[in-house]
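One structure below.
The values are calculated or read from the model by the stated rules, or taken from the named source; none is laboratory data. Just so we're clear, the structure is a prediction, and the values are computed from it rather than from any experiment. A quick note on method: Cβ atoms are made from the backbone with ideal geometry, for glycine too, and the neighbour counts reach across all protein chains shown. Quick note on the areas: whole protein, heavy atoms, side chains included, nothing else; ligands and nucleic acids left out. Shrake-Rupley method; radii C 1.70, N 1.55, O 1.52, S 1.80 Å.
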Amino acid sequence: MPTVQTERLRHWQRAAYGFGDFGFNLYWTTISFFILYFYTDVLGLSGKLAGLIFLIAMLWDGITDPVMGYLAQRTKTRWGSYRPYLLFGSAPLAISLMLVFYNPGFEGALLAVYALFAHMLFRTAYTVVNIPYSALSAKITKSTRVRNSLAAWRISLATVGSAFVAYSTLKLVEYFGQGDASEGFFFTAVLYAGMSIPVFLILFVTVREPIQQTTSTKPSDL
């Protein structure tokens, strides 16, 4: 039997779904805007090495994204296929951001290896949560109009998240670090990670996947 689809999502449910992109931009905008600065000006890596680490992590994304899409589509739980990743992936994602902006005190090759490991771990954790989130809209409704509404909420709240990070990050680094940029970036990452977890948990609770209907057949009595 076909899946039961929720064609009508309340406006607060649409907003809750879109709010997920606010949470994701606490991560993505922080990485996009500030990671190279953190590598070079805080950790002391060369510009070439920082760029290489970023490039390798991006290429790693090209591997993990389709793999995650394949796995998520085939996941079957009582919570659905995609929502469990929002529940169980939010904490590892938060920890991975903290590790990216943590200064381990290493030097030379060991520091570069740590930075690459932390960045690839972050990219993997981000993929584990973001790919199912992006696919969720197609699962919760077949209505083009509703999907367009969900996309509008996503774009709007993603913009809010990006603007918040762009405006606040260096100010928070200064506030938390009091002149120590290493400490400032780490505690800013802790703050953003802590802000994101309730966003994903609210999304998990408020937006539900439809129940898969199945039928069983009994052989006719002879």
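Summary of values
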quantity: Calculated FRET value between Leu201 and Phe106, using beta carbons and R₀ = 41 Å, to 0.05; calculated: 0.75
quantity: Relative contact order %, the chain, counting alpha carbon pairs below 8 Å whose residues are six or more apart; calculated: 43 percent
quantity: Rounded to whole Hz, the Karplus (6.51, -1.76, 1.60) HN-Hα couplings of region 144-153, x for glycine and proline; calculated: 4, 4, 5, 4, 4, 5, 4, 5, 5, 4
quantity: Listed residues Arg147, Arg154, Arg208, Arg78 arranged by accessible area, highest first, probe 1.4 Å; calculated: Arg78, Arg208, Arg147, Arg154
quantity: Val67/Lys171 FRET efficiency (R0 22 Å; Cβ-Cβ; nearest 0.05); calculated: 0.05
quantity: Descending principal axes extents, region 61-211, alpha-carbon based, whole Å; calculated: 51, 31, 24
quantity: Calculated log₁₀ intensity ratio I(q)/I(0) where the Debye formula runs over C-alpha points of region 88-145, q = 0.20, 0.25 Å⁻¹; calculated: -0.74, -0.93
quantity: CD proxy at 222 nm, helix term only [per DSSP H run n ≥ 4: -39500 (n - 2.57); per residue of the chain; nearest 500]; calculated: -26500 deg cm²/dmol
quantity: Unit charges at the beta carbon, dipole of the chain: most positive-side option, Leu136, Ile56, Gly89; calculated: Leu136
quantity: Under Karplus coefficients 6.51, -1.76 and 1.60, residue-wise ³J(HN,Hα) of region 170-185 in Hz, glycine/proline x; calculated: 5, 5, 5, 4, 5, 5, 6, x, 6, x, 9, 5, 4, 5, x, 5
quantity: Largest-first ordering by accessible area, 1.4 Å probe, given options Tyr85, Tyr102, Tyr27, Tyr175; calculated: Tyr175, Tyr102, Tyr85, Tyr27
quantity: Note, ³J(HN,Hα) from phi for region 71-85, Karplus 6.51, -1.76, 1.60, rounded to Hz, x at Gly and Pro; calculated: 5, 5, 4, 9, 7, 10, 9, 5, 9, x, 8, 9, 4, x, 5
quantity: Gained length - Ala135 relative to Ser182, 0.36 nm times residue gap less alpha-carbon distance; calculated: 13.3 nm
quantity: Average projected area [Cα convex hull, region 119-159], square nanometres; calculated: 3.3 nm²
quantity: Label-point separation in nm, Ser46 to Arg145, each point 7 Å along Cα→Cβ; calculated: 6.0 nm
quantity: Dipole magnitude of the chain, debye to nearest 20 (Cβ charges: Lys/Arg +1, Asp/Glu -1, about Cα centre); calculated: 1220 debye
quantity: Mean separation of Cα contacts under 8 Å (6+ apart) over length of region 61-186, as relative contact order %; calculated: 28 percent
quantity: Sequence ranges 104-117, 184-197, ranked by mean other-Cβ count within 10 angstrom, highest first; calculated: 184-197, 104-117
quantity: With DNA, RNA and ligands ignored, accessible area of Met68 (1.4 Å probe; Å², nearest 10); calculated: 10 Å²
